[in-house]
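K.L.:
Starting off with a structure, shown below.
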Amino acid sequence: MLPMHRLRRRGSEILGLTKSRWLRRPAGLYVFTFHRIGDAEKADFDPNVFSCSAGGFTDVVEFIKSEFDVLDLAEVRDQLSKSRSAPHSDSKAALITFDDGYVDNFETAIPLLKELGVPATFFISISMANGVLPWWDVVAYWVRSSTKGAVRLNGAPIDLTKNREAAIRPVLRAFKHETDNLDNKLERYKELLAPAGEPPSRRITMDWEQIQQVARSGFSVASHTMTHPILAHLNVDEQRRELAESKSVLEEQLGQSITSVAFPVGGEDTFSQVTIDLAKESGYDFAFTSLPGINRWRQFNDHCLHRVSVDSGNIADLRYRIGKLI
């Protein structure tokens, strides 16, 4: 039997709702979010951050290019100004973004983007550029190599004797929910999961030389904070440092102005109005969330922009999910 979300999508297609909604999609900026590009089944760490395979990525980008005016980050401001001055702007624009700065973005996505002639924006976390393994990949590795048969988180047991990969998502969900200091959480979860060994030292994020090449190639680079924390869990001074210092470091490394930031994780309860105000104070023109939605020109919120996460190379699924946002 098909999963419920696929049954709903199929029903929407049969009834003609997906096509009808697609044709009625409003003018605005559609921001598409990618993370890793490649084969999730071969992942040593968190498989859930793979957006699609290389082939799926090509399909999705070609689809976006055929249906939208794909903008560079620097062009968004110009288009926004034009659309705000035009009472009935019908521009349907797209911005392609990547979070975290994984090395497969450099090795796989960028060559394909160049081949297709499509711009993109890469949100970089300073700690990962410096070689620190992303904390969710660390926790995922600990789940994979845990010596425990089960763990109890938020009062519920999570079985580790069967499908370790399936257990990664609920463990990380619990990890993100806790508001304690990141280092404290990592220490506690390592003790809880009791992994058999340390994560491999193989680097999975871009280094500074690669990030500089990205910028020199004409792609946009933007901030994803210093250490990729959940900003709402930090006090005001800590949030300010994460936002302001990451901008400063990127500007020093790249020799160009950094105009935008993406809030880490970016869903509900991961940032606040304080975070938004601090992003403005830090000098960012735009701040991006992971809240699903369409940024309509006449209701454009520069510092709380919504995005559409790409979770597979399935065009029908992407079209259906965008239609649900209308």
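The values are calculated or read from the model by the stated rules, or taken from the named source; none is laboratory data. Fair warning: this is a prediction, and the values are worked out from it, not measured in the lab. Don't worry about glycine lacking a Cβ; one is built from the backbone with ideal geometry, like all the others, and counts go over all protein chains shown. Heavy atoms of the whole protein, side chains included, go into the accessibility calculation; ligands, DNA and RNA do not. Shrake-Rupley method; radii C 1.70, N 1.55, O 1.52, S 1.80 Å.
K.L.:
Regarding A27, is this residue modelled with pLDDT under 95, surrounded by 14 or more Cβ atoms within 10 Å (Cβ to Cβ), over 19 Å from T205 (Cβ atoms) and in contact with a helix residue (DSSP H, G or I) (Cβ under 9 Å, 6 or more places away or on another chain)? Explain how you work it out, then say what you get.
P.N.:
Working: modelled with pLDDT under 95: yes; surrounded by 14 or more Cβ atoms within 10 Å (Cβ to Cβ): yes; over 19 Å from T205 (Cβ atoms): yes; in contact with a helix residue (DSSP H, G or I) (Cβ under 9 Å, 6 or more places away or on another chain): yes.
Against the criterion (modelled with pLDDT under 95, surrounded by 14 or more Cβ atoms within 10 Å (Cβ to Cβ), over 19 Å from T205 (Cβ atoms) and in contact with a helix residue (DSSP H, G or I) (Cβ under 9 Å, 6 or more places away or on another chain)), A27 qualifies.
K.L.:
Kindly provide the set of residues from the stretch 299-326 that are under 15 Å from L95 (Cβ atoms), charged (D, E, K, R) and either under 17 Å from the mean Cα position of the chain (by Cα) or surrounded by 19 or more Cβ atoms within 10 Å (Cβ to Cβ) (or both), ordered by number.
P.N.:
R307
K.L.:
Could you please let me know if S290 is open to solvent by less than 40 Å² (accessible area, probe 1.4 Å), within 19 Å of T121 (Cβ to Cβ) and among the hydroxyl-bearing types (S, T, Y)?
P.N.:
On the way: open to solvent by less than 40 Å² (accessible area, probe 1.4 Å): no; within 19 Å of T121 (Cβ to Cβ): yes; among the hydroxyl-bearing types (S, T, Y): yes.
It is false that S290 is open to solvent by less than 40 Å² (accessible area, probe 1.4 Å), within 19 Å of T121 (Cβ to Cβ) and among the hydroxyl-bearing types (S, T, Y).
K.L.:
Among the residues of the stretch 32-51, is any under 30 Å from P200 (Cα atoms), open to solvent by less than 40 Å² (accessible area, probe 1.4 Å) and basic (K, R)? It would help to see each step written out before you state the result.
P.N.:
To start, the set of residues in the stretch 32-51 that are under 30 Å from P200 (Cα atoms) comprises 33-51.
In the following step, the residues that additionally are open to solvent by less than 40 Å² (accessible area, probe 1.4 Å) were identified as 33-34, 36-38, 40, 43, 45-47, 49-51.
Those still in the list that are basic (K, R) too: 36.
Checking the stretch 32-51: at least one residue is under 30 Å from P200 (Cα atoms), open to solvent by less than 40 Å² (accessible area, probe 1.4 Å) and basic (K, R).
K.L.:
Right, next: Do we have R188 as basic (K, R) and touching a helix residue (DSSP H, G or I) at 6+ places or on another chain (Cβ under 6 Å) here? Give the steps one after another, and end with the answer.
P.N.:
Values: basic (K, R): yes; touching a helix residue (DSSP H, G or I) at 6+ places or on another chain (Cβ under 6 Å): no.
Here the answer is no, as R188 does not meet what is asked.
K.L.:
In the stretch 243-269, which residues are under 21 Å from N301 (Cβ atoms) and not small (G, A, S)?
P.N.:
L243, K247, I258, T259, V261, F263, P264, V265, E268, D269
K.L.:
Continuing with the same structure: Can you find even one residue in the stretch 270-277 that is more than 21 Å from the chain's Cα centre (by Cα), surrounded by fewer than 19 Cβ atoms within 10 Å (Cβ to Cβ), more than 23 Å from R77 (Cβ to Cβ) and in contact (Cβ under 8 Å) with a residue 40 or more places away in the chain?
P.N.:
no
K.L.:
Would you point out which residue out of P170, P111 is touching a residue at least 12 places away in the same chain (Cβ under 8 Å) and out of contact with any helix residue (DSSP H, G or I) (no Cβ under 8 Å at 6 or more places or on another chain)?
P.N.:
Values: P111 fails: touching a residue at least 12 places away in the same chain (Cβ under 8 Å).
Result: P170 is the single residue among P170, P111 that is touching a residue at least 12 places away in the same chain (Cβ under 8 Å) and out of contact with any helix residue (DSSP H, G or I) (no Cβ under 8 Å at 6 or more places or on another chain).
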